[in-house]
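Before any comments, here is the structure.
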Amino acid sequence: MKKMQRMSEAEKEVMQQIWDAGGSLTSARLLEYLRETGSGWKTSTVLTFVARLVDKGLLTVIKRGRSNEYFARFSESDYRRFETRVFLDTVHDGSVRSLLTALYECCESSPEESEAIRAWFDKMGKYEERHEG
C-alpha cells in the first residue's frame with residue numbers, strides 16, 4: 001500500500017464527501033453532492049482533484065461501465081492521525097508536551113472540557129499500567 005500523503009484543502013472537500021458516504025461514491029454521486037454543497041466547481045475540476053487523490057494513493061478507482069466508483073483507501077480517522085503526526089513533527093519537533101503546552105497557553109477550555117481531559121489522562125494512565133510488561 002502506498003504511503004499516505006497530505007491533501008490540499010480542495011482535495012479534502014472531495015475526500016470528505018467520500019468519507020461521509022461511507023467510503024465510496026460513484027463519480028455521478030460525487031458531482032451531485034458537491035453541487036449540493038455549493039462548491040461551484042466544474043466537472044473537470046472535480047475530476048482533476050480525484051485524479052490527484054488517486055495519484056497520492058488516497059483513493060482507488062474502479063471503472064463500472066461508463067461510470068467510475070471511488071473508494072477511500074484510508075479512513076477519516078486514519079488521515080486525522082496522519083495529519084496530527086505531521087503537525088506534531090513539523091511544528092513541535094515531535095514533542096507532545098510542547099503541543100499540550102501550546103494548547104493550554106492559547107486556548108481556553110470550559111471547566112467541563114478540562115475535567116473530561118483530566119479523566120481521559122487518568123484513564124490512559126491506568127490503561128498503560130495494566131498493559132505494561
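Taking the criterion of being under 30 Å from SER114 (Cβ atoms) and at pLDDT 95 or above, would at least one residue in the range 65-75 satisfy it? First the steps, then the outcome.
As a first pass, look at the range 65-75 and keep what is under 30 Å from SER114 (Cβ atoms): 75.
Pick out the ones that are also at pLDDT 95 or above and you get 75.
Checking the range 65-75: at least one residue is under 30 Å from SER114 (Cβ atoms) and at pLDDT 95 or above.
Just a yes or no: is a residue in the range 96-116 aliphatic (A, V, I, L, M), surrounded by 10 or more Cβ atoms within 10 Å (Cβ to Cβ) and touching a helix residue (DSSP H, G or I) at 6+ places or on another chain (Cβ under 8 Å)?
Yes - at least one qualifying residue is present in the range 96-116.
Kindly evaluate TYR127 against the criterion of being surrounded by 12 or more Cβ atoms within 10 Å (Cβ to Cβ) and either more than 30 Å from TRP19 (Cα to Cα) or modelled with pLDDT of 95 or more (or both).
Values: surrounded by 12 or more Cβ atoms within 10 Å (Cβ to Cβ): no; either more than 30 Å from TRP19 (Cα to Cα) or modelled with pLDDT of 95 or more (or both): yes.
No.
Scan the range 20-32 for residues that are surrounded by fewer than 18 Cβ atoms within 10 Å (Cβ to Cβ) and touching a Ser or Thr at 6+ places or on another chain (Cβ under 8 Å) and jot them down. Steps first, please.
As a first pass, look at the range 20-32 and keep what is surrounded by fewer than 18 Cβ atoms within 10 Å (Cβ to Cβ): 20-24, 26, 28-29, 32.
Passing the criteria: GLY23, THR26, ALA28.
The values are calculated or read from the model by the stated rules, or taken from the named source; none is laboratory data. Everything numeric in this text was worked out from a predicted model, so none of it was measured. Glycine gets a Cβ as well: all are built from the backbone with ideal geometry, and neighbour counts include every protein chain shown.
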